[in-house]
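Notes follow once the structure below has been shown.
The values are calculated or read from the model by the stated rules, or taken from the named source; none is laboratory data. None of the values given here were measured: they were computed from a predicted structure. Note that each Cβ is placed from the backbone with ideal geometry, even for glycine, and that neighbours are counted across all protein chains shown.
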Amino acid sequence: MYNLLLVANDIYFRLLYISLSSLCAACDLKKIKTIFIADLGLSSGNISALSGLSDKIALLPPESTVTSSNTIHSKEWVNAVREKTRILSRIVKYGNVPVVMIDSDTIIMEDFSDLINTNYDIQLCRRSKPFLRPDGLSMDYIASFVAVNTSNALAFIHKWIDRMDERIALNLPPPHETPAMVETLALEKSLKIGYLEDKIVSCENSYIPRTTKIVHAKGRTTHDKISIYRFTNIKRLPYKKIINLVDRGERIPFTLVFFLKKIISIYDIKKSIKKIIKALLKSRP
């Protein structure tokens, strides 16, 4: 059996509700011991709604006061993300392993329990398309999926937290969670570390049939609002998969946005093809 950790406040509630609903539908709950939800500012009504999804859900309070914000990379957002890793360390400290920490803006498409390999102390998500930050740090991994399989990884998590704190103290540009993990990983010598591809466990704004188990509706810019309409940006996401997870009162506007973006996408593709054909015809002798 394994455990899960997700975090949320009232702003992230609707995203988390969809994520948990998809998890309960796609995963074998008999294999899950506890679904830990780090409560970073949930109302009693939202707590009740989440608790009603499964009797395996357990709410955990934060270690420090966290202020909500619906702006990505804001000071409040950074503090909330930092709190997530602190709560992960607490869970591991008390022996609740394996525990998989996943982002709240995800949709679980298939059961992923077969990927948890306790021969590794920790399993991390590897990016298929690494990129360089302006500070030169190569972002080869992403912290949206982290499986801590043994308590041996606790020291790694503490170093990860320390590095996040250092980045914040130095006033480096956010985000800090993944860069701090990458920096900590570069210095790690003793752990048995496994790697899982992002197209499987954290496929960014895209779904690959017969491959993707978890889709990640990742915010694209600091101006992105935290709302369920992020899920309308996911390429190839089956409409029937997502619409049943959306609250009944939001299904009509969600459907309109979902298909409008599909139409725009098809129009853009056709427009691009026409431009290519036109350019090729002009280049003919």
* Structure fact -> Residue set Val7, Val100; condition under 24 Å from Arg230 (Cβ atoms), of a type in the set (A, V, I, L, M, F, W, C), modelled with pLDDT under 95 and outside any helix (DSSP H, G or I); output residue Val7
* Is the stretch 20-35 home to any residue that is at pLDDT below 95, of a type outside the set (Asp, Glu) and touching a strand residue (DSSP E or B) at 6+ places or on another chain (Cβ under 6 Å)? -> no
* Structure fact -> Per the list (1) more than 30 Å from Ser151 (Cβ to Cβ); (2) surrounded by 15 or more Cβ atoms within 10 Å (Cβ to Cβ); (3) not polar (S, T, N, Q), residue check on Pro179 breaks on (1)
* To do: State whether the residues of the stretch 182-200 include one that is basic (Lys, Arg), on the phi < 0 side of the Ramachandran plot and without any contact (Cβ under 8 Å) to a residue 24 or more places away in the chain.
  => yes
* For the stretch 106-162, name all the residues that are surrounded by 14 or more Cβ atoms within 10 Å (Cβ to Cβ), under 14 Å from Cys203 (Cβ atoms) and small (Gly, Ala, Ser). => Ser144
* Asked: Condition test on Asn117, is it assigned by TED's automatic domain parsing to the domain that holds Leu29, in contact (Cβ under 8 Å) with a residue 40 or more places away in the chain and either more than 30 Å from Ala25 (Cβ to Cβ) or polar (S, T, N, Q) (or both)?
  -> yes
* Quick one: would you say Lys189 is among the charged types (D, E, K, R), at pLDDT below 95 and more than 23 Å from Lys129 (Cβ to Cβ)? -> yes
* Those residues of the stretch 22-52 which are assigned to a helix (DSSP H, G or I) and either within 15 Å of the chain's Cα centre (by Cα) or surrounded by 23 or more Cβ atoms within 10 Å (Cβ to Cβ) (or both), in sequence order -> Ser22, Leu23
* Residues being under 17 Å from the mean Cα position of the chain (by Cα), farther than 17 Å from Thr106 by Cβ and not β-branched (Val, Ile, Thr): count how many of those fall in the stretch 187-221. => 1
* On the given criteria, is Arg251 over 23 Å from Leu132 (Cβ atoms) and of a type in the set (Lys, Arg)? -> yes
* Given the structure, is Thr184 assigned by TED's automatic domain parsing to the domain that holds Asp135, at pLDDT 80 or above, over 29 Å from Pro134 (Cα atoms) and buried (at least 17 other Cβ atoms within 10 Å of the Cβ)? -> no
* Asked: Which pairs have Cβ atoms under 8 Å, sit 6 or more apart or on different chains, and link a residue in the stretch 27-56 that is touching a residue at least 60 places away in the same chain (Cβ under 8 Å) to one that is part of a helix (DSSP H, G or I) and not polar (S, T, N, Q)?
  -> Phe36/Ile87; Phe36/Ile91
* **Test result for Val215, under 21 Å from Ile122 (Cβ atoms), in the same structural domain as Ile107 (by TED's automatic domain parsing) and surrounded by 14 or more Cβ atoms within 10 Å (Cβ to Cβ)** => no
